[in-house]
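Report on the following structure.
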Amino acid sequence: MSTLEQSRYLATAIPGPKSSALIERKTTAVARGIGNTMAVYAARAGGGIVEDVDGNRLIDLGSGIAVTTVGNASPRVVEAVAAQAAEFTHTCFMVTPYEGYVAVCEHLNRLTPVAGDTRSALFNSGSEAVENAVKIARAYTRKQAVVSFDHAYHGRTNLTMALTAKSMPYKHGFGPFAPEIYRAPLSYPFRDAEFGGKELATDGELAARRAISVIDKQVGADNLAAIIIEPIQGEGGFIVPAEGFLPALLEWCRGNGVVFIADEVQTGFARTGAMFACEHEGVDPDLIVTAKGIADGLPLSAVTGRAEIMDSPHVGGLGGTYGGNPIACAAALATIETIEADGMVERAQAIERLMKARLGRMQADDERIGEVRGRGAMIAVELVKPGTLEPDAELTKKLCAGAHAAGVIVLSCGTYGNVLRFLPPLAISDELLEEGLDVLALVLADL
């Protein structure tokens, strides 16, 4: 349990004088392209609280974008990192390997919903793992094309920008992008109801047939190495596809020699009320990409998949100097232990019940809340102009700003900039979570 007091407290206005001084320093030292969601500088964090340099204690409903799932500075992780750092910090697994890397892969092979004999490889970031998943799929199939989906987000490297759907701020001005990337329509029930009727919004198999028709016309299975999809989209707006959409895509892939890659960078490691989001519909991907919550803030990512696919690249074809760093591996092992020992999957389910009940009451009283959706501790509200389905990005921006000023960390997302997303650490108390939502309700009412 964190020693940081678990209460919201504003010692100064946001930002305070020390944060303001650091903001000035940033403008002269850090590249302009690195933005900040909040104008505060963190000093300590733990449980459900982030404390800034001015002594303000903020309720954390973001978890560093789904990274500190088990809580910032989680005790087992802190102990494991300190112990490993005292032994050695780096040797490079490709030069003189070490047990921690192997142990993390063993746990991933055990935990991920990939059927049969499995193998894993470790990398540094979600983007890097996605790129390697595509490399592995191409090596296995000896085909080149890759399909991603509308509203997708897969990273900021050249290939992953090509896979990502949203131009600003991720792609604008950074092309040309990697070739042989195609896009298919996602099942987006809230929007599909508007444009395609109730049947398309509720029938995942019908939505999958729409996507497959586009894939057949644009690419063709004979040219397609893989499709990559987030089981619940992250940056795209926490979109949960209609039931049956993912299984239907997987069935088509299996019947056509196409590798099915699940990008669980944001949805993995208990975040959605299952260890991995694919489990909600019994989907067993060929390859699964993980990062973020894997190591409680240490840089680590992985690709896990069917052994015959994972073993298709030649020896030396996968790797990287820092991939599977020993300190990050120690953190990952402690994170996995914490998830399993402390019942974090069940905790995520409890957070979902609390949040959906509270947000559902807000929705009933406010027609600007178009939809409440998500799973586990990955919940969102889509904001619209009253009486319509028109996205209201301006309201979302003002709501975030008001919450931040009141000491609550929230994030926005969505293709249209109108989705408020909640990613609380699973270590947060019910009391803090309820207070954070109460603040949000008051800010929304004021707007």
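The values are calculated or read from the model by the stated rules, or taken from the named source; none is laboratory data. Remember, it's a predicted structure, so these values are computed and weren't measured experimentally. Cβ placement follows ideal geometry from the backbone for every residue including glycine, while neighbour counts extend to all protein chains displayed.
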message: Just checking, does the range 421-429 include any residue being surrounded by 23 or more Cβ atoms within 10 Å (Cβ to Cβ), aliphatic (A, V, I, L, M) and more than 18 Å from G273 (Cβ to Cβ)?
response: no
- prompt: In the range 285-297, how many residues are more than 12 Å from P231 (Cβ to Cβ) and more than 15 Å from the chain's Cα centre (by Cα)?
  reply: 2
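Suppose we filter the range 182-199 for residues that are hydrophobic (A, V, I, L, M, F, W, C) and either surrounded by fewer than 20 Cβ atoms within 10 Å (Cβ to Cβ) or in the same structural domain as E390 (by TED's automatic domain parsing) (or both); how many remain? Don't jump to the end; show me each part of the working.
Here is the first cut: in the range 182-199, the ones hydrophobic (A, V, I, L, M, F, W, C) are 184, 186, 190, 193, 195.
The next check asks that each one be either surrounded by fewer than 20 Cβ atoms within 10 Å (Cβ to Cβ) or in the same structural domain as E390 (by TED's automatic domain parsing) (or both); those that pass are 190, 193, 195.
Count: 3.
So in the range 1-47, with the set limited to residues that are in a loop (DSSP other than H, G, I, E, B) and hydroxyl-bearing (S, T, Y), which one is nearest to the chain's Cα centre (by Cα)?
Applying the filter and picking the extreme gives T37.
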field: Members of the range 432-447 that are touching a residue at least 60 places away in the same chain (Cβ under 8 Å), surrounded by fewer than 20 Cβ atoms within 10 Å (Cβ to Cβ) and not hydrophobic (A, V, I, L, M, F, W, C)
entry: E434, E435
task: Only residues that are assigned to a helix (DSSP H, G or I) and under 16 Å from A211 (Cβ atoms): list them for the range 238-280, please.
output: F245, L246, P247, A248, L249, L250, E251, W252, C253, R254, G255
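Within the bounds of the range 323-335, is there any residue that is polar (S, T, N, Q), more than 23 Å from T396 (Cα to Cα) and in the same structural domain as T290 (by TED's automatic domain parsing)? Spell out the reasoning first.
So in the range 323-335, the residues polar (S, T, N, Q) come out as 325, 335.
Adding the requirement that they be more than 23 Å from T396 (Cα to Cα) leaves 325, 335.
Subsequent filtering for residues that are in the same structural domain as T290 (by TED's automatic domain parsing) retains 325, 335.
Yes, that holds for at least one residue.
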- prompt: List, please: which pairs have Cβ atoms under 8 Å, are six or more places apart or on different chains, and start with a residue in the range 234-258 that is farther than 20 Å from V146 by Cα and end with one that is in a loop (DSSP other than H, G, I, E, B) and among the acidic types (D, E)?
  reply: A242/D203; G244/D203
- prompt: Among the numbered criteria (1) out of contact with any Pro (no Cβ under 8 Å at 6 or more places or on another chain); (2) farther than 21 Å from A66 by Cα; (3) buried (at least 16 other Cβ atoms within 10 Å of the Cβ), which single criterion is violated by T304?
  reply: (2)
- prompt: Given the residues G370, G402, G417, which is the only one that is outside any loop (DSSP other than H, G, I, E, B), more than 23 Å from R353 (Cα to Cα) and at pLDDT 95 or above?
  reply: G402
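Go through A115, A121, A129 for me and flag whichever is assigned by TED's automatic domain parsing to the domain that holds D286 and under 16 Å from I228 (Cα atoms). Walk me through how you get there before you give the answer.
Details: A115 fails: under 16 Å from I228 (Cα atoms); A121 fails: under 16 Å from I228 (Cα atoms).
Checking each option against the conditions leaves just A129.
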- prompt: What number of residues within the range 96-134 are of a type outside the set (G, A, S), in contact (Cβ under 8 Å) with a residue 60 or more places away in the chain, farther than 21 Å from E308 by Cβ and part of a loop (DSSP other than H, G, I, E, B)?
  reply: 2
field: Odd one out for H90 among (1) part of a loop (DSSP other than H, G, I, E, B); (2) under 27 Å from the mean Cα position of the chain (by Cα); (3) under 24 Å from S301 (Cβ atoms); (4) not aliphatic (A, V, I, L, M)
entry: (2)
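Could you please find all residues in the range 163-179 being over 18 Å from the mean Cα position of the chain (by Cα) and either crowded, with 16+ Cβ neighbours inside 10 Å or over 20 Å from K217 (Cβ atoms) (or both)?
Keep residues of the range 163-179 that are over 18 Å from the mean Cα position of the chain (by Cα), which gives 167-168, 171-179.
Of everything in the range 163-179, those that are over 18 Å from the mean Cα position of the chain (by Cα) and either crowded, with 16+ Cβ neighbours inside 10 Å or over 20 Å from K217 (Cβ atoms) (or both) turn out to be S167, M168, K171, H172, G173, F174, G175, P176, F177, A178.
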task: Find all pairs meeting these conditions: Cβ atoms under 8 angstrom apart; at least six residues apart or on different chains; first residue within the range 161-172 and at pLDDT 90 or above; second residue polar (S, T, N, Q).
output: L163/S148; T164/S148; A165/S148; A165/T415; K166/T415; Y170/T164; K171/T164
- prompt: Could you list, in sequence order, the residues of the range 205-246 that are among the aliphatic types (A, V, I, L, M) and in contact with an Asp or Glu (Cβ under 7 Å, 6 or more places away or on another chain)?
  reply: L206, A207, I228, I229, A242, L246
field: Qualifying residue in the range 5-19 (condition: without any contact (Cβ under 8 Å) to a residue 40 or more places away in the chain and crowded, with 18+ Cβ neighbours inside 10 Å)
entry: yes
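Regarding I379, is this residue touching a strand residue (DSSP E or B) at 6+ places or on another chain (Cβ under 7 Å), part of a loop (DSSP other than H, G, I, E, B), in contact (Cβ under 8 Å) with a residue 40 or more places away in the chain and among the hydrophobic types (A, V, I, L, M, F, W, C)? Don't jump to the end; show me each part of the working.
On the way: touching a strand residue (DSSP E or B) at 6+ places or on another chain (Cβ under 7 Å): yes; part of a loop (DSSP other than H, G, I, E, B): no; in contact (Cβ under 8 Å) with a residue 40 or more places away in the chain: yes; among the hydrophobic types (A, V, I, L, M, F, W, C): yes.
No; evaluated as a whole, the condition is false for this residue.
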Residues of the range 135-155 satisfying the condition of being under 21 Å from the mean Cα position of the chain (by Cα) and either within 19 Å of P313 (Cβ to Cβ) or in a helix (DSSP H, G or I) (or both): V146
